[in-house]
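The values are calculated or read from the model by the stated rules, or taken from the named source; none is laboratory data. Everything numeric in this text was worked out from a predicted model, so none of it was measured. All Cβ positions, glycine included, derive from the backbone under ideal geometry; neighbour counts span all protein chains shown. Heavy atoms of the whole protein, side chains included, go into the accessibility calculation; ligands, DNA and RNA do not. Shrake-Rupley method; radii C 1.70, N 1.55, O 1.52, S 1.80 Å.
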Amino acid sequence: MKERIIVALDTDSPEAALRTVAALSGEVGLFKVGLELFPRGGPDLIGKIREAGAEVFLDLKFHDIPNTVAGAVRSAVSLGVTFATVHASGGKAMLAAAAEAASGTRTTLLAVTVLTSLDDADLSAIGFALPTADAVARLAELAVRAGIGGIVCSAKEVAGLRSRVGEKVVLVTPGVRLPEDSPGDQKRVVTPSEAVRSGADYLVVGRPITKAPDPVAAARRFAAEMGRAAARGGTSG
Ligand code: C5P
């Protein structure tokens, strides 16, 4: 189960990120490097995380014309990352170009559908007519049809998307909290066992592990709760 935990390295300090990797690399599956950390740490940091024996999720949410996104994906692939993100709202041609650029490599692309910071009123203001849940479903199906291997979705959306996109598509969910954790700024949280039972393949966890007094113990509690859920609920892996 621990391989299915992705720890979000939400810091602007490459040194702090590498300390977290050193402490947790035997306890979790991957580390997520995103928009705050990558401009500071760059490819060098990705290389160091991989040299430490850990796998990387590069969360830069590419969204541009197809030719540019294909190039960005090739650059991400060249870093040997396991996962990289694109925005599903970049459209069919962009998604297909991204999928083609990652095809045959060790990198699986994940599509971001609707950011969880947006609600129905926000979508309407930017000209999206559909309610959020329908927009998420439509964008996920568009991405999967274009050959994207996985979807990042909120924990509340996992079960609905699993039945739409089938078993092979990787579903990655943030917003996970142990029952005893503070939700922080996350509004719609689920527990690790709820996430696993809903069909999530990977759980992105930031502060409940990185800011815990004992991050190793916190990671082990997540893995244990996921394991109990899988044993009860009969999910694979
Ligand atoms: O600290 P916490 O567990 O809330 O961190 C969750 C991580 O998942 C952060 O890196 C955040 O940017 C990311 N994320 C999220 N909600 C989404 C997509 C990504 O919290 N819908």
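Just want to confirm a number: the relative contact order over the chain, from Cα pairs under 8 angstrom separated by 6+ residues, in percent. Don't skip to the answer; put the middle values down first.
Values: 439 pairs, mean separation 44.0, N = 237.
Normalised by residue count, the contact order of the chain is 19 percent.
In this simple spin-label model, placing a label point 7 Å from the Cα along the Cα-to-Cβ direction at both Asp12 and Ala129 gives a separation of 4.3 nm.
Across segment 62-67, rounded Karplus estimates of 3J(HN,Hα) from the backbone phi angles (6.51 cos²θ - 1.76 cosθ + 1.60, θ = phi - 60°) give 5, 7, 6, 5, x, 4 Hz, Gly and Pro being marked x. Distance distribution note for segment 81-126: the fraction of Cα pairs above 16 angstrom is 46%. When the pairs Lys156/Lys211; Lys32/Lys156; Lys92/Lys211; Lys48/Lys92 are compared against a 32 Å limit on Cα-Cα distance, Lys92/Lys211; Lys48/Lys92 fall above it. For Lys61, nonlocal amide neighbours, meaning residues 5 or more places apart or on other chains whose placed amide H falls under 5 Å from its own, are Thr85.
Take the alpha carbon atoms of segment 96-116, find their center, do the same for segment 1-76, and report the distance between the two centers in whole angstrom. Cα centroid to Cα centroid, the span is 15 Å. Residues whose amide H lies under 5 Å from that of Val189, counting only those 5 or more places away or on a different chain, are absent; hydrogens are built 1.01 Å from N in the peptide plane. Amide H contacts of Val205: Ile6, Val7, Ala8, each under 5 Å away and 5 or more positions distant or on a separate chain (H built 1.01 Å from N in the peptide plane; Pro and chain starts excluded). Computed from point charges on the beta carbon alone (+1 for Lys and Arg, -1 for Asp and Glu), the dipole magnitude for the chain about its Cα centre is near 540 Debye.
Going by the alpha-carbon gyration tensor, a ≥ b ≥ c the square roots of its eigenvalues, is segment 1-50 rounded (a/c under 1.5) or, if a/c is not under 1.5, prolate (a/b greater than b/c) versus oblate?
Values: a/c = 1.98, a/b = 1.75, b/c = 1.13.
Prolate.
Here the accessible area is traced with a 1.4 Å probe on the protein chains. For segment 14-118, carbon and sulfur cover 52 percent of it.
Could you do me a favour and compute the accessible area per residue for the chain, 1.4 Å probe, result in Å²? Display every interim value, and only then the final one.
Working: 10980 Å² over 237 residues.
With all protein chains present, the chain gives 46 Å² per residue.
Rounded to the nearest Hz, the phi-derived 3J(HN,Hα) couplings of segment 156-168 under the Karplus curve 6.51 cos²θ - 1.76 cosθ + 1.60 (θ = phi - 60°) are 6, 9, 4, 4, x, 6, 4, 6, 7, 9, x, 7, 7, where x marks glycine and proline. State the percentage of accessible surface on segment 120-237 attributable to carbon and sulfur atoms; use a 1.4 Å probe and exclude ligands, DNA and RNA. Result for segment 120-237: 52 percent of the exposed heavy-atom area is carbon or sulfur.
Report note on the peptides 184-190, 141-147, 16-22, 171-177: ranked by the mean count of other C-beta atoms within 10 Å, highest first, their order is 171-177, 141-147, 16-22, 184-190. Computed from label points 7 Å out along Cα-Cβ, the spacing between Glu3 and Leu118 is 3.5 nm.
3J(HN,Hα) couplings calculated from phi for segment 220-226 with the Karplus curve 6.51 cos²θ - 1.76 cosθ + 1.60 (θ = phi - 60°) are, in sequence order, 5, 5, 4, 4, 5, 5, 5 Hz; Gly and Pro show x.
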